[in-house]
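Asker: For reference, the structure I am asking about is given below.
The values are calculated or read from the model by the stated rules, or taken from the named source; none is laboratory data. Given the structure is predicted, the values throughout are model-derived calculations rather than measurements. Backbone-built Cβ (ideal geometry, glycine too); neighbour counts: all protein chains shown.
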Amino acid sequence: MGAAVIQLLVLAGVALFLILRLRNVLGTREGFEKPRVSHQPNEQAQQRPELEVIEGGPDFDIADHVDPKGRVGQALAEMKRVEPSFNVTEFLTGARSAYEMILVAFESGDLPALQQFLSDDVYTSFASVVETREAEGLKVDANFIGVRELKLTDAEFDSASNEGEVTIRFIGELTSVVRDKAGEIVEGNPEEIKRQKDVWTFARTMGSNDPNWQLVATGG
């Protein structure tokens with residue numbers, strides 16, 4: 001057999017090998033793409049019931065803090081119905097900041113800083129204490145450490161006025177001393193961290209243009 005014939009047979013074998021490899025590759029690719037298209041509607045169908053369950057399920061923004069089926073949970077749900085942008089978790093974050101600001105302003109006697117955040121009755125009560133201290137020549141030096149505990153304990157909604165009320169129990173930590181006119185400490189220890197328990201109620205007309213909540217009641 002001549003060299004030319006042998007070379008021709010080798011080339012033919014290489015060509016056949018390449019055709020078979022090419023067919024295998026194209027076949028594998030085709031088989032990979034088709035299931036992706038044919039299964040897509042099934043995947044969407046499987047997802048629909050999950051979305052429906054989520055949409056019809058509990059409001060976790062409420063359920064994370066109270067029983068959504070209880071009286072308090074229902075009051076919060078009514079607030080959200082009137083004002084869909086109302087978020088309980090965000091409200092509690094704001095209440096934590098308000099607690100610190102109001103407490104520090106009260107201890108230091110900064111009445112102007114307090115007025116816009118308090119109802120008239122609460123402001124009058126706070127102002128009376130501050131004025132009595134000043135009349136006796138006393139001054140409070142306070143250092144707020146932080147909020148150790150915060151819990152939503154109650155909520156009410158008046159459908160006639162759209163006024164919502166939320167009550168929160170705080171446990172704050174701070175150091176404070178009372179000084180006389182000479183600057184001498186007459187009460188407290190600057191090195192002692194005290195825990196202070198407060199139960200505050202905030203109120204606001206839901207759906208109104210004024211986004212600010214006011215402190216309308218205090219307790220311990």
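Asker: Would you pick out the residues in segment 142-198 that are free of Cβ contacts under 8 Å to residues at least 12 places away in the same chain, over 25 Å from Trp213 (Cβ atoms) and charged (D, E, K, R)?
Answerer: The answer is Glu184, Glu187.
Asker: Within segment 105-115, count every residue that is modelled with pLDDT of 90 or more and in contact with a Phe, Trp or Tyr (Cβ under 8 Å, 6 or more places away or on another chain).
Answerer: Looking only at that region, the number is 1.
Asker: Please give the number of the condition Asn87 fails out of (1) touching a residue at least 24 places away in the same chain (Cβ under 8 Å); (2) farther than 17 Å from Trp200 by Cβ; (3) exposed (fewer than 13 other Cβ atoms within 10 Å of the Cβ).
Answerer: Among (1) touching a residue at least 24 places away in the same chain (Cβ under 8 Å); (2) farther than 17 Å from Trp200 by Cβ; (3) exposed (fewer than 13 other Cβ atoms within 10 Å of the Cβ), Asn87 violates only (3).
Asker: I've got another one for you. Look at Ile171 and say whether it is closer than 30 Å to Ala63 by Cβ and among the β-branched types (Val, Ile, Thr).
Answerer: Considered against the rule, which asks whether it is closer than 30 Å to Ala63 by Cβ and among the β-branched types (Val, Ile, Thr), Ile171 comes out as yes.
Asker: Of the residues in segment 97-112, how many are in contact (Cβ under 8 Å) with a residue 60 or more places away in the chain and within 19 Å of the chain's Cα centre (by Cα)?
Answerer: Of the residues in that region, 3 qualify.
Asker: Failed condition for Pro58, given (1) outside any helix (DSSP H, G or I); (2) more than 17 Å from the chain's Cα centre (by Cα); (3) not polar (S, T, N, Q), with all others met?
Answerer: Only one criterion in (1) outside any helix (DSSP H, G or I); (2) more than 17 Å from the chain's Cα centre (by Cα); (3) not polar (S, T, N, Q) is unmet by Pro58, namely (2).
Asker: In segment 151-171, which residue that is among the hydrophobic types (A, V, I, L, M, F, W, C) and buried (at least 17 other Cβ atoms within 10 Å of the Cβ) is nearest to Gly70 (Cα to Cα)?
Answerer: Ranking the qualifying residues of segment 151-171, first place goes to Ala155.
Asker: Additional query: Look through Phe144, Phe157 and report the one residue that is modelled with pLDDT under 95 and either among the aromatic types (Phe, Trp, Tyr) or closer than 28 Å to Phe91 by Cα (or both).
Answerer: When all the criteria are applied, what remains is Phe144.
Asker: Inside segment 92-188, counting only strands (runs of 3 or more DSSP E) that do not spill past its ends, which hold 3 or more residues that are closer than 24 Å to Gln74 by Cβ and in contact with a Gly (Cβ under 8 Å, 6 or more places away or on another chain)?
Answerer: In segment 92-188, 139-158 are the strands (runs of 3 or more DSSP E) which contain 3 or more residues that are closer than 24 Å to Gln74 by Cβ and in contact with a Gly (Cβ under 8 Å, 6 or more places away or on another chain).
Asker: Would you check which residues across segment 93-113 are touching a helix residue (DSSP H, G or I) at 6+ places or on another chain (Cβ under 6 Å) and within 19 Å of Gln196 (Cα to Cα) and list them?
Answerer: Ala105, Phe106, Gly109
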